[in-house]
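Asks: Pasting a structure here, questions to come.
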Amino acid sequence: MNILVLVKQVPDTSDVKFDERGVMIREGVQSILNVFDQFAVEEALRLKQKYGGEVSVMTLAPEQAKTAVQKCLALGADKAYHISDRAFGGSDTLATSYALSLAIKKAGNFDLIMAGNQATDGDTGHIGPQVAEWLGIPHVSYVEQVVSIDNGKALVKSILEDGYRMVEVELPALLACLPPTNFEYTNPSMSGIIKAKSKPYIWWKADDIDGDKSKFGLNGSPTRVLKMYPPPKRSRGTVFTENYQDAVKKIVEALMEKKVIE
Amino acid sequence: MSDEYKGILVVGEIYDGKIRPVTFQLVTKARELADTLNTNLSVVLLGHNIGEMAKEPIYYGADKVYIMDDKIFEPYVAEVYSRALSKFINNLKPEIVLIPATHTGREYGPRIAAALQTGMTADCTDLVIKNGRFVQVRPAYGGNIMGEIITPNHRPQISTVRPNVFKTKEPDKNRTGEIIQVKPEFDSIKIRTLIKEIVKTTVTGAKKLDEAKIIVSGGRGVGSKEGFEKLKELADLLGGAVGASRVAVDLGWMPKSAQVGQSGITVQPDLYIACGISGTIQHIVGMKDSKVIVAINKDPNAPIFNIADYGIVGDLHEIIPMFIEEIKRIKKK
Ligand SMILES: Cc1cc2nc3c(=O)[nH]c(=O)nc-3n(C[C@H](O)[C@H](O)[C@H](O)COP(=O)(O)OP(=O)(O)OC[C@H]3O[C@@H](n4cnc5c(N)ncnc54)[C@H](O)[C@@H]3O)c2cc1C
Ligand SMILES: Cc1cc2nc3c(=O)[nH]c(=O)nc-3n(C[C@H](O)[C@H](O)[C@H](O)COP(=O)(O)OP(=O)(O)OC[C@H]3O[C@@H](n4cnc5c(N)ncnc54)[C@H](O)[C@@H]3O)c2cc1C
């Protein structure tokens, strides 16, 4: 079983602040490994334990994302691919998924490609399905668990709004993963961190992956971000601290006035 | 090159044998956009034995409904839907395509954009025409930021759109339109995905969270599985659904399908009543766009009060029964 996990470094979004003009402050915001991706890595390592093989990770990102990739190696991944070039600046999901699919083809044959269901910054959830489309392989999203791998097929649990599906998919396939509610993330051990330093870390530039360069970066991106702004803020409303009967009455009255209850 | 692309297409979803409400929400919104752009509105439905349902989108504003009726579409599988839709869209050449941002839509949708090599905007919460341009509004960074996205030169412009952000109008059963059968086309038909089992974890008869106009939601403060019974009573009275924080799900008090938030589902009801939920960012991103928020929490400093329109500081076990009584009293009138 050769598994590749796509990983992304993201700003810690529980810590986003804006300046007085409403521009997001990027300085001082911690960068972390996307939690969905950490789950995917841990699930891949569990599969490796069970079925053998190798777990590689891949990112397409500026050099500083190495910290996040290194964390994957410290958790136990065997090998890393880091594609980094100014040519990829401004990529939307079509351009990102195209470049990733080229790098995957170059990196070799994988039985399984895993990704996060979404990255907590861009939050589109496009990359997994789109990489699968470029590669011409099937994929399943919202995968909470890889139950088994048998006979060239993976059996996975995929979450729906009102339940879940058990899906069997032929390999090679891509799985976009979502941590289950009570998932406990592992912290890399000291020895893991030390071992990570001597694991293969492969750097590629745009020239190293064969493809149509006009589809890279901003030029290859059909979408444009026109502007960004903080969401309309909700403000603190009326808070009652006593006289509950009366408070309940007033609230219900207000709700009827606003026609949210009839 | 983009001149040959005309009209708006809404991809409808059939779920559990019915057209999903989000379909009608998108049709209602798309009608508005089509009128502004002075163009036509089509809907495409994939499924098996679709029958009379095909008329329904017309009542909400569709001019044409395309039907792809084949047993291959039951049960839903991403690679089949994305392939059939990519072909169809490539033939129809609409300028705008709207897809529901459901778990299924977010699974097959992005593949279509890659297949057609065009731009796609994820999980939109608003769609507007500004100076003749189609502007897609979406949250990013865990709901901490809003972005306006355009697809200037590629067609079609594709968006997935969140359920419940657009409201439906009353259906007009006298409205007429065209229903057109389409034979699904596939390049190759080797399907590599097989659905072994579909399990529903919502209590049967319970309202679906993502479709409810009113949600009564509980967290750790509810205290027990039995505690949720009172929330359910209130929700039933209001014709709403019961939601939960992740802690309440982790503790086994509510099923995962009830979880609201970053790793659960995003809801946008008219009314969200948060009971014994502290209001961490991961919960708030899933419900902060509700029209009205009411919070009940015994801690006056709970962050949930900072986004609530109305709050009561106190014990929910005392206060929820008061709500139930008050609603009953009003209903009697
Ligand atoms: C405010 C804002 C809004 C945006 N909206 C859109 C939009 O609507 N449409 C659009 O096309 N682009 C959009 N973009 C650009 C988009 O965020 C980037 O293309 C981004 O690189 C990838 O998208 P994502 O973060 O949404 O990833 P997702 O698709 O959410 O990521 C899913 C998974 O794919 C893998 N993955 C993602 N990126 C990488 C990577 N670089 N290297 C390795 N693995 C990766 C990870 O496993 C990740 O968990 C937006 C950007 C901003 C700032
Ligand atoms: C990656 C990630 C994803 C996550 N995704 C989600 C998600 O999707 N959804 C989600 O909800 N959380 C999510 N969380 C967890 C989140 O951080 C919080 O732990 C969780 O939301 C807290 O749930 P709670 O408000 O029920 O519990 P608590 O934070 O413990 O709050 C309980 C509240 O109940 C009040 N209370 C107690 N007793 C009473 C009483 N008798 N009457 C009135 N009030 C009372 C207390 O004052 C307190 O404010 C996620 C976390 C991570 C790291």
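The values are calculated or read from the model by the stated rules, or taken from the named source; none is laboratory data. Only a predicted model underlies this, so the values are computations on that prediction, with no experimental measurement involved. So basically every Cβ, Gly included, is an ideal-geometry build from the backbone, and we count neighbours across all protein chains shown.
Asks: Check B:Ser257, B:Ser245, B:Ser263 and return the single one that is within 16 Å of ligand 1 (Cβ to nearest atom), without any contact (Cβ under 8 Å) to a residue 60 or more places away in the chain and within 12 Å of chain A (Cβ to nearest Cβ).
Replies: B:Ser263
Asks: Same structure, new question: Considering only residues that are touching an Asp or Glu at 6+ places or on another chain (Cβ under 7 Å) and more than 7 Å from every other protein chain (Cβ to nearest Cβ), which ones fall in segment A:118-153?
Replies: Answer for segment A:118-153, where residues must be touching an Asp or Glu at 6+ places or on another chain (Cβ under 7 Å) and more than 7 Å from every other protein chain (Cβ to nearest Cβ): A:Val146, A:Gly152, A:Lys153.
Asks: Restricting to segment A:22-51, name every residue that is modelled with pLDDT of 95 or more, more than 10 Å from ligand 1 (Cβ to nearest atom) and touching a Phe, Trp or Tyr at 6+ places or on another chain (Cβ under 8 Å).
Replies: A:Glu42
Asks: Something else about it: Give just the number: which of (1) within 11 Å of ligand 2 (Cβ to nearest atom); (2) of a type in the set (Ser, Thr, Tyr); (3) under 20 Å from A:Glu253 (Cα atoms) does B:Tyr310 not satisfy?
Replies: (1)
Asks: Could you tell me whether segment B:300-308 includes any residue that is more than 16 Å from ligand 1 (Cβ to nearest atom), among the small types (Gly, Ala, Ser), farther than 18 Å from B:Ala241 by Cα and in contact with a Pro (Cβ under 6 Å, 6 or more places away or on another chain)?
Replies: Scanning segment B:300-308 turns up no residue that is more than 16 Å from ligand 1 (Cβ to nearest atom), among the small types (Gly, Ala, Ser), farther than 18 Å from B:Ala241 by Cα and in contact with a Pro (Cβ under 6 Å, 6 or more places away or on another chain).
Asks: Can I ask one more? How many residues does segment B:288-333 contain that are farther than 20 Å from B:Gly240 by Cα and part of a loop (DSSP other than H, G, I, E, B)?
Replies: Looking only at that region, the number is 9.
Asks: Might you let me know whether segment B:273-280 holds any residue that is part of a helix (DSSP H, G or I), buried (at least 18 other Cβ atoms within 10 Å of the Cβ) and either assigned by TED's automatic domain parsing to the domain that holds B:Pro100 or within 13 Å of ligand 2 (Cβ to nearest atom) (or both)?
Replies: no
Asks: Taking A:Glu168 and the conditions (1) in a strand (DSSP E or B); (2) within 14 Å of ligand 1 (Cβ to nearest atom), which numbered condition does it fall short on, given that it satisfies the others?
Replies: So A:Glu168 meets the others, but not (2).
Asks: Of A:Lys205, A:Lys233, A:Lys197, which residue is within 28 Å of B:Lys130 (Cβ to Cβ) and of a type in the set (Lys, Arg)?
Replies: When all the criteria are applied, what remains is A:Lys233.
Listed here are the residues, each with its yes/no results for (1) within 11 Å of chain B (Cβ to nearest Cβ); (2) touching a Ser or Thr at 6+ places or on another chain (Cβ under 9 Å).
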position: A:Trp203; (1), (2): no, yes
position: A:Lys213; (1), (2): no, no
position: A:Pro222; (1), (2): yes, yes
position: A:Lys227; (1), (2): yes, no
position: A:Val239; (1), (2): yes, no
position: A:Gln245; (1), (2): yes, no
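Asks: Would you say B:Lys173 is assigned to a loop (DSSP other than H, G, I, E, B), surrounded by fewer than 17 Cβ atoms within 10 Å (Cβ to Cβ), modelled with pLDDT of 95 or more and not β-branched (Val, Ile, Thr)?
Replies: yes
Asks: Given the conditions (1) within 16 Å of ligand 2 (Cβ to nearest atom); (2) in contact (Cβ under 8 Å) with a residue 60 or more places away in the chain; (3) more than 13 Å from every other protein chain (Cβ to nearest Cβ); (4) not hydrophobic (A, V, I, L, M, F, W, C), report the number of the one that B:Arg175 does not fulfil.
Replies: (1)
Asks: Please give the strands (runs of 3 or more DSSP E) falling wholly within segment B:34-148 in which 1 or more residues are surrounded by fewer than 19 Cβ atoms within 10 Å (Cβ to Cβ) and not assigned by TED's automatic domain parsing to the domain that holds B:Gln268.
Replies: The strands (runs of 3 or more DSSP E) meeting that bar are B:64-69, B:126-130, B:133-140.
Asks: Please work out if B:Gln262 is more than 23 Å from A:Ala247 (Cα to Cα) and more than 9 Å from ligand 2 (Cβ to nearest atom).
Replies: Answer is no for this residue.
Asks: Scanning segment B:130-160 for residues that are more than 15 Å from A:Asp123 (Cα to Cα) and out of contact with any strand residue (DSSP E or B) (no Cβ under 7 Å at 6 or more places or on another chain), which turns out nearest to ligand 1 (Cβ to nearest atom)?
Replies: Taking the candidates together, the pick is B:His154.
Asks: Let me ask something additional. Which of the residues that make up segment B:215-237 are within 14 Å of chain A (Cβ to nearest Cβ) and either within 16 Å of ligand 1 (Cβ to nearest atom) or buried (at least 24 other Cβ atoms within 10 Å of the Cβ) (or both)?
Replies: Within segment B:215-237, B:Ile215, B:Val216, B:Gly219 meet the criteria.
Asks: Search segment B:291-306 for residues that are of a type in the set (S, T, N, Q) and pair each with any residue that is loosely packed, with under 15 Cβ neighbours inside 10 Å when their beta-carbon atoms are under 7 Å apart and the residues are at least 6 apart or on different chains.
Replies: Matching pairs, first to second residue: B:Asn306/A:Arg236.
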